[in-house]
Amino acid sequence: HRDVPFRRSLLSEHYKLLILGVNMAQLGGQEEKEKTTALKDLLSRIDLDELMKKDEPPLNFPKTLEEFEYAFNEKGQLRHIKTGEPFVFNYREDLHRWNQKRYEALGEIVTQYVYELLEKECNMTKEILPVDATAEEPKSFIFLSRDALSNPDRLLVLIQGSGVVRAGQWSRRLIINEDLDSGTQIPFIRRAVEEGHGVMVLNPNENYLEVEKPGAPAQPSPDSSDEPAEKRERKDERESRRRRDFYEKYRNPQKERETEQIPIRDNSSPEEHAIYVWDNFISKSAAKKIFFVAHSYGGLSFVELMIQREAEVKNRVCAVAMTDSVHNLWHQEAGKSILEWMQEHCCNWVSSAEPLDTPVETMLPDCPRVSAGTERHELTSWKSFHSIFKFLSAALEGQNWDAKPTTTVTTRSSNRIKHEEI
């Protein structure tokens, strides 16, 4: 890969020659005109980045952390087992697509690693969804503490944002580049258990089973159905060779497998998942007081849950801590009664340059908003960790939680949140 700049230079010159060839071919006869058409078609389909794919290594990556030669150290940081260095995204220079695929492969391994931590270190159990799933249909799952359904006093429900993050994660990027404490929900689980909560960890982005598409059966061309099979095969072979000569000479990117998505029954979207878990687990718990911590799109899912189950939520939920939530009561068409309830029972820690817990005004005053003490969207949950539990404790005791008594700052930062990895 050290020769990439040199190859790119050659490819650039090759590209210029192709353009010159087109201009010269335009001056020739019928045969040259056909080549001109083919070359123009080729030039319309490629660019230098596509040309570089010809030199791309196979999209085959390790299946375990050990094979990647990475491990989490005692501080929960991902480090190379030989060099001790953090994860390097640009493993191969100038091959962004390959590097991204490598990062995604590592991310899938990290997801399984977090699942193991939830079960082994947090003593949580996996519950399959739908609850009446057959052996053949696609399934999802959530994680429950041992007393999630039986704890008579309190229950904490955790909902992450959208994207690739799965149960137990706030941000894959933070897990890989920072540490487990900032990127996972494990500190929240441990703190909640210490304070006597049962805990439920939702999995709102596990919405479908992805399977490889079967290859399409070969179809004879309509105008050659009467030709002998041997003649058609020779004709097809000549046509294939001609196209290959024109195209594969210049462009040979690796093809990714084509897949299709089979939705998981009653859990095909984050909003549907939240409602399903409420109906089948949360509402059936013994807890007198229920609390939510919802990050980013998780806040929107909670609002949708409240719209669909307003009376039940008001009767059971004591407080909701949001972190840079992207909900919008007006777009989601929530009623006045929901707005009033949220103003009294919710608080949203938003990304802001102001100190932690500084009150923040917005143009849409749906619930109290305070600074998370960071401008990084994915860090808002971790940075507001201690403040969130103070807020929940105050709600549990029936007290009003007061944010830091400083000058209120007006911001629109919460309306500029980017889609999670996200």
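How large is the convex hull of the C-alpha atoms of region 58-122 per residue, in Å³?
On the way: hull volume 5.8 nm³, N = 65.
Convex hull volume per residue, Cα atoms: 90 Å³.
If DNA, RNA and ligands are ignored and the probe is 1.4 Å, what is the ranking of K390, K139, K383 by accessible area, most exposed first? Please report the intermediate quantities before stating the final value.
Working: K390 130, K139 80, K383 100 Å².
Highest to lowest solvent-accessible surface, that is K390, K383, K139.
Determine ³J(HN,Hα), in whole Hz, for all residues of region 292-300 in sequence, where each value follows from phi through the Karplus function 6.51 cos²θ - 1.76 cosθ + 1.60 and θ = phi - 60°; x replaces Gly and Pro.
Values per residue, Gly and Pro as x: 10, 10, 10, 9, 6, 5, x, x, 5 Hz.
Per 5 Å bin, what is the whole-percent P(r) computed from every C-alpha pair distance within region 117-173?
Bin by bin from 0 Å, the calculated values are 4, 15, 20, 23, 21, 13, 4, 0.
Past 27 Å, Cα to Cα, is the threshold; run K126/K336; K75/K139; K336/K383; K284/K314; K82/K383; K289/K390 against it and keep the listed order. Numbers along the way, then the final one.
Numbers: K126/K336 37 Å; K75/K139 34 Å; K336/K383 31 Å; K284/K314 15 Å; K82/K383 31 Å; K289/K390 16 Å.
Beyond 27 Å between Cα atoms: K126/K336; K75/K139; K336/K383; K82/K383.
So who's got an amide H within less than 5 Å of the one on L156, skipping anything under 5 residues away but keeping other chains? H placed 1.01 Å off N, in plane.
Distant-sequence amide H within range of L156: G198, V199, M200, F291.
Sequence-distant or interchain residues sharing an amide H contact under 5 Å with Y208, placed H: which?
Those qualifying (amide H under 5 Å, at least 5 residues apart or on another chain) are I264.
Which loop-located trypsin sites (Lys or Arg not before Pro) does region 253-345 contain, where loop means any DSSP state but H, G, I, E or B and the Cβ has at most 15 other Cβ atoms within 10 Å? Working shown, then result.
Values: sites: K255, R257, R265, K284, K288, K289, R309, K314, R316, K336; in loops: K255, R257, R265, K288, R309.
Answer in residue order: K255, R257, K288.
Using a 10 Å cut-off on Cβ atoms, rank the peptides 103-113, 70-80 from the highest mean neighbour count down. Walk me through the numbers on the way to the answer.
Numbers: 103-113: 16.8, 70-80: 14.6.
In decreasing order of mean packing, 103-113, 70-80 become 103-113, 70-80.
The values are calculated or read from the model by the stated rules, or taken from the named source; none is laboratory data. Everything quoted here is computed from the prediction, not taken from an experiment. Backbone-built Cβ (ideal geometry, glycine too); neighbour counts: all protein chains shown. Calculation scope for accessible area: heavy atoms of the full protein, side chains included, ligands and nucleic acids excluded. Shrake-Rupley method; radii C 1.70, N 1.55, O 1.52, S 1.80 Å.
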